[in-house]
Every structure is written in C-alpha cells, then in structure tokens.
Amino acid sequence: MEIRRADLIADELEELVFAGEFQDGDRLDEVKLAAQFGVSRTPLREAFQRLIASGMAEQIPRRGVFVRQPGPVELMEMFETMAEIEGVCGRLAALRISDQAIEVLLEANKRCQQAIDHNDMDDYYRENEYFHHFIYKQSGNSFLEQEALRLHRRLKPFRRHQLRVRGRMAQSMAEHVAIVSALQAGDSEAATEALRGHVAIQGEKFHLLISSLKTSKG
C-alpha cells in the first residue's frame, strides 16, 4: 500500500504534538516545517489539512494554522459517540453483510496480524482503518457511513496513538476476531457489543491517553 508523503508528514506532526513538541495554541510555521521535512509547501499544506480535518489543528484566516487539542471531557464525549455509532454500524452490518464481504474482513484481519508480527504499529493502524471503514459500508446506510467516517477522521490521531500502549495491538486484534465472528453468525446484538467495546475508551486506557497529551491546558 503506497503511503502519500502528506500522510507521512501528518503522522509525524501528530507524534510531535503528542510528544509535547507543540503545545495547544502553537502556530505551525510552514516555512520552518517545510525545511525540517525537506519538502515543498504543497505536501505540508496537505498534511495541515488532515490535521485540521481531524481537529488537531485549526486554520485562522490571515494568521495561519494553530495546534488545537481537545480537553478530556470533549475527548471522552467523542469516543463515547464513536462507540455508539460503530455499534449501530455493526448491528446493521450483521443483518446485511454478504459472505463475500466477510471474506474481505477476514483478509483485512490477516493483514492486521501480519503487522503485529512485524511490530509495525503504523501498518496495523492503516489496515485497522480499512477494516472499520469497510464495516461502515456494510451497514447499508450511506448517511450513517458518512457520519461514521466524519467522526473517525476526527478521532484518527487519538485512535492511532492509543495503539502505542503496550499490548494494545494484540488486544485490538482479538477484538477484531470477535467482531467478524459476530458478523459471520448474523448476531446483531453481539456485533453491536463487540464494536462498541472495541472503540470505547474507558478507565485506565483513557487515563493513559489523556496523560500522553502534553498540552498547556490545566
């Protein structure tokens, strides 16, 4: 799978934000960052647009692009909403998914496992993202699919970052297996619970995510 340069830059900028190199409200200097990454401004601007789409940055007319991180309450509310939306996608997909689509998900899970075997978090996230987007489509509800995609984009940096928690990729993989099993069985209730639980950020997992957000917020 070819990865666009802009996406690689966006991934690295997200990591710099999580590492505390940029604080909430800091301006992203286009000239300085273009030199740092050794690229023209075009892929950098595309990377900025991805950060803006996810809500990790905001563009202020005539001033530039600034880092923005949600507070813990906002982040918890977004994950809570995402978990419910994915649960609904799972419920509808369990009723409507085809055998051929199940095979696609099984292949996606094989690629996820290969990424784990190579300890490649970035590759795992990309395959994981495909897995979820495919389930949204299997809901058979295009409006729901678009809403799920919109919020998924908003939470992408945080969903990706929480995979760094030790053991999380293997846990995520086990949850993927349970999700596909529920879809194969046409068990809408089990599919709902499996997807809801997979996405929900609760307890220790949420606190670890929040503690990694080194922002200037109190």
With the first residue restricted to region 175-186 and required to be under 11 Å from GLY197 (Cβ atoms) and acidic (Asp, Glu), and the second required to be crowded, with 16+ Cβ neighbours inside 10 Å and modelled with pLDDT of 95 or more, Cβ contacts under 8 Å at 6 or more apart or on different chains are GLU175/ALA194
Give region 1-34 a look and list any residue that's small (Gly, Ala, Ser) and either under 19 Å from ARG154 (Cβ atoms) or open to solvent by 40 Å² or more (accessible area, probe 1.4 Å) (or both), or say none. ALA6, ALA10, ALA19, GLY25
First in region 105-122 and β-branched (Val, Ile, Thr), second anywhere and open to solvent by 20 Å² or more (accessible area, probe 1.4 Å), Cβ under 6 Å, 6 or more apart: ILE116/MET169
Restricting to region 96-126, name every residue that is under 20 Å from GLU147 (Cα atoms) and of a type in the set (D, E, K, R). ARG96, ARG126
Do we have any residue at all in region 91-110 that's under 25 Å from PHE18 (Cα atoms) and either among the hydroxyl-bearing types (Ser, Thr, Tyr) or touching an Asp or Glu at 6+ places or on another chain (Cβ under 7 Å) (or both)? no
How many residues does region 88-126 hold that are open to solvent by less than 40 Å² (accessible area, probe 1.4 Å), under 23 Å from SER139 (Cβ atoms) and out of contact with any Leu (no Cβ under 8 Å at 6 or more places or on another chain)? 4
Take the residues in region 171-216 that are outside any helix (DSSP H, G or I) and not small (Gly, Ala, Ser), then tell me which one is modelled with the lowest pLDDT. THR215
Of all residues in region 40-87, count the ones that are more than 24 Å from HIS133 (Cα to Cα), in contact with a strand residue (DSSP E or B) (Cβ under 7 Å, 6 or more places away or on another chain) and open to solvent by less than 30 Å² (accessible area, probe 1.4 Å). 4
Filter region 127-174 for residues that are open to solvent by less than 50 Å² (accessible area, probe 1.4 Å) and of a type in the set (Phe, Trp, Tyr); the one that is nearest to ARG111 (Cα to Cα) is PHE131
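The values are calculated or read from the model by the stated rules, or taken from the named source; none is laboratory data. What you see is a predicted model; the values in this text were computed from it and never measured. Neighbour counts run over all protein chains shown; Cβ positions are idealised from the backbone, glycine included. Only protein heavy atoms, including side chains, enter the accessible area calculation; ligands, DNA and RNA are left aside. Shrake-Rupley method; radii C 1.70, N 1.55, O 1.52, S 1.80 Å.
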